[in-house]
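Input: a single structure, listed below in structure tokens.
The values are calculated or read from the model by the stated rules, or taken from the named source; none is laboratory data. Predicted model only: the values in this text are computed from it and were never measured. Counting neighbours? That spans all protein chains shown, and the Cβs are built from the backbone with ideal geometry, glycine included. Note: accessible area is taken over every heavy atom of the protein model, side chains too, but ligands, DNA and RNA are not part of it. Shrake-Rupley method; radii C 1.70, N 1.55, O 1.52, S 1.80 Å.
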Amino acid sequence: MKISVIGTGYVGLVTGTCLAESGNDVLCIDIDAHKVQQMQKGVVPIYEPHLDVLFQRNIKANRLNFSISLDEGLEHGEIIFLALPTPEDEDGSADLSYVLGAAKEIGKRIQNYKVIVDKSTVPVGTANKVTAAIAQETTVDFDVVSNPEFLREGFAVDDFLKPERIVIGSGSERAISLMQKLYKPFVRSGNPILIMDERSAELTKYAANAFLATKITFMNEIANFCEKVGADVDKVRVGMGTDSRIGKRFLFPGIGYGGSCFPKDVKALHKSGNDLDYTFNILDAVIKVNDIQKTILISRIEQYFKGDIKGRTFGIWGLAFKPETDDIREAPALYMIEELLSKGAQVHVFDPEAMANVKKKFGDSIVYVQNMYDATDNADALIISTEWSIFRTPDFNTLKKRLKQPVIFDGRNLYDVDDITKEGFYYSSIGRKRV
Ligand SMILES: NC(=O)c1ccc[n+]([C@@H]2O[C@H](COP(=O)([O-])OP(=O)(O)OC[C@H]3O[C@@H](n4cnc5c(N)ncnc54)[C@H](O)[C@@H]3O)[C@@H](O)[C@H]2O)c1
């Protein structure tokens, strides 16, 4: 099938590449001319495991192309995916200007029947708004489908190729049948394509993300309470997670959820409630607890150094909001860097993939090193903020030699408390004893 994807970011590029991989003829459109130029030269503009192989293969087979021209995109695709940003607006709502702006432009340009598929995460009612925005500009027949995306950065290719479910919100049999044909190769193992109305599809995405953010936040509160009562959150986590009603996943405490989705999606759902005089009390609490959790290591660092942070050096391992991505949107590390700089500290950072993005934000105000141990040279403490695998089994002797003093603040619980204590470190982690 001929597919166009408008917006070639983390979701759009993975969508376009994976749809090309299943034999479709895909044209990806982006407003960012530099990004499009890079992709035309065969450069993947983001870090996402396994994406490069599929990307190269499909470009070579001429099934995957890139352009900045929306006209070309609308000429090309019978199905047009919108994978555009829906960032947080000032009042917490989802900013729909990208999606509705594109809808208007689509309305001005379409010449024949198209299915417009909303893959962006959008509030309930957006499919109606997109329909209205297009219809205002054209009399050509079209359908709007809500098809929220559930991929996880770091596993995006796998998630797209083998989704646990595909949600399609539409009332049009014609559009549903085209979408089922498109997605059939991805559900050969029997996972469902769930057909529902647009509003339910739109809400499914927010409900899923808000639930996951709540699960993390609940565990963060349990972890904090563990410290008060002398319990070990690792033991509590396993004890809880073996109950199949609870499940083992998303029970790891840390320094708050971040990333490009959870923070904005929780706030957008909360705001949607407010707009309809409905208060999401749970989400209220989730937002508040997460804001506090983001500050937890900074308070501990201040406590440890008795407020004397100025002139000290801190090494940070991990900048991305989670491992296996270069995405730093709402990453806890950014918050910590800002706090440490504002208190007059020096910050030396290392991340396997995200340093270029962090440099765009912090420039030369922090030091970027190419080896994880270099970040600890003469540092007063090491802070761990992303659980990349390479941080899991460091050489503790090297660390001790390089750090000014053997002090680690670990926001991801990477090490066994007893082991690291025996190594002679002061070690502060989340929900476990501090020694
Ligand atoms: N990143 C994720 O893990 C993820 C997962 C599921 C859903 N989502 C949702 O998918 C949507 C896209 O997220 P993302 O992370 O891919 O965003 P992104 O910021 O990585 O990508 C968006 C792309 O759209 C381009 N763009 C902006 N305006 C444009 C326009 N008018 N025409 C063409 N291109 C334009 C940008 O240049 C950028 O390349 C959001 O609604 C997000 O909430 C994201």
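Quick look at the numbers
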read-out: Probe 1.4 Å, protein heavy atoms only - accessible area per residue of the chain in square angstrom; value: 45
read-out: Cα-Cα over 23 Å, subset of 215/322; 2/119; 361/433; 108/129; 162/205; 228/271; value: 361/433; 228/271
read-out: Distance between segment 263-277 and segment 365-419 - C-alpha centres, whole angstrom; value: 38
read-out: For residue 410, net neighbour charge (Lys/Arg +1, Asp/Glu -1) across residues whose Cβ lies under 12 Å away; value: +3
read-out: Per-residue ³J(HN,Hα) for segment 244-260, Karplus 6.51 cos²θ - 1.76 cosθ + 1.60, θ = phi - 60°, Hz, x for Gly and Pro; value: 5, 6, 9, x, 7, 8, 6, 10, 8, x, x, 9, x, 7, x, x, 7
read-out: Calculated on alpha-carbon atoms, Rg and Dmax of the chain in Å; value: 23.4, 74
read-out: Cβ-based net charge around residue 142, under 12 Å, with every Lys or Arg adding one and every Asp or Glu removing one; value: -1
read-out: Peptides 73-86, 5-18, 386-399 ordered by average Cβ neighbours within 10 Å, highest first; value: 5-18, 73-86, 386-399
read-out: Using alpha-carbon coordinates, inclination of helix 281-294 to the longest axis of the chain, degrees; value: 50
read-out: Calculated [θ] (222 nm, deg cm²/dmol) that DSSP helices of n ≥ 4 give over the chain, each run adding -39,500 (n - 2.57); value: -13000 deg cm²/dmol
read-out: Using alpha-carbon coordinates, inclination of helix 51-60 to the longest axis of the chain, degrees; value: 30
read-out: Segment 321-350-segment 141-187 distance, computed between alpha-carbon centres (Å); value: 35
read-out: Of all accessible heavy-atom area on the chain, the percent that carbon and sulfur account for (1.4 Å); value: 51
